[in-house]
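Enquirer: Dropping a structure here in structure tokens format, bear with me for questions.
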Amino acid sequence: GHSMSDPGTTYRNREEIAFTRSTRDPLEFLKKCMLDAGMAEAEELKEIEKTIRKKVQAEVMIAKESPKPSLDSLWEHVYTKDHIKTGDSEVPPHIRMPNYEKSYFESGKMD
């Protein structure tokens with residue numbers, strides 16, 4: 001589906017969904033490529049996944065326990081006052097330009 005509230009079963013059957021997930025999931029594809037190329041072992045990838053899940057769960061708990069932001073803060077962090085000049089336009093330091101060579105990274109490096 002398109003979201004958690006849209007399981008996609010109204011226009012696709014469960015078999016098609018399972019097949020698509022098993023053959024077109026980009027994370028599973030990368031995992032398979034890494035295993036096939038000998039870049040990682042299955043247990044190593046499982047440990048990485050466990051670590052990531054723990055970190056995400058910890059952040060979710062922090063978010064759930066935090067007070068809801070006020071409506072006054074709705075537009076905070078959408079734009080920045082600390083723009084940098086790149087060429088003839090001003091862009092915040094976290095913006096990656098469509099042309100990679102024009103991208104700005106705070107470290108001054110592109111990678």
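Enquirer: Every residue in segment 34-63 that is outside any helix (DSSP H, G or I) and open to solvent by 100 Å² or more (accessible area, probe 1.4 Å), please.
Expert: Met39, Glu41
Enquirer: Mind checking whether some residue in segment 63-85 is in contact with a Ser or Thr (Cβ under 7 Å, 6 or more places away or on another chain) and at pLDDT below 90?
Expert: No: zero hits.
The values are calculated or read from the model by the stated rules, or taken from the named source; none is laboratory data. The structure displayed is predicted, hence computed values, not measured ones. Virtual Cβ from ideal backbone geometry, glycine too; neighbours counted across all protein chains shown. These accessible areas exclude ligands, DNA and RNA; they are computed on the full protein's heavy atoms, side chains included. Shrake-Rupley method; radii C 1.70, N 1.55, O 1.52, S 1.80 Å.
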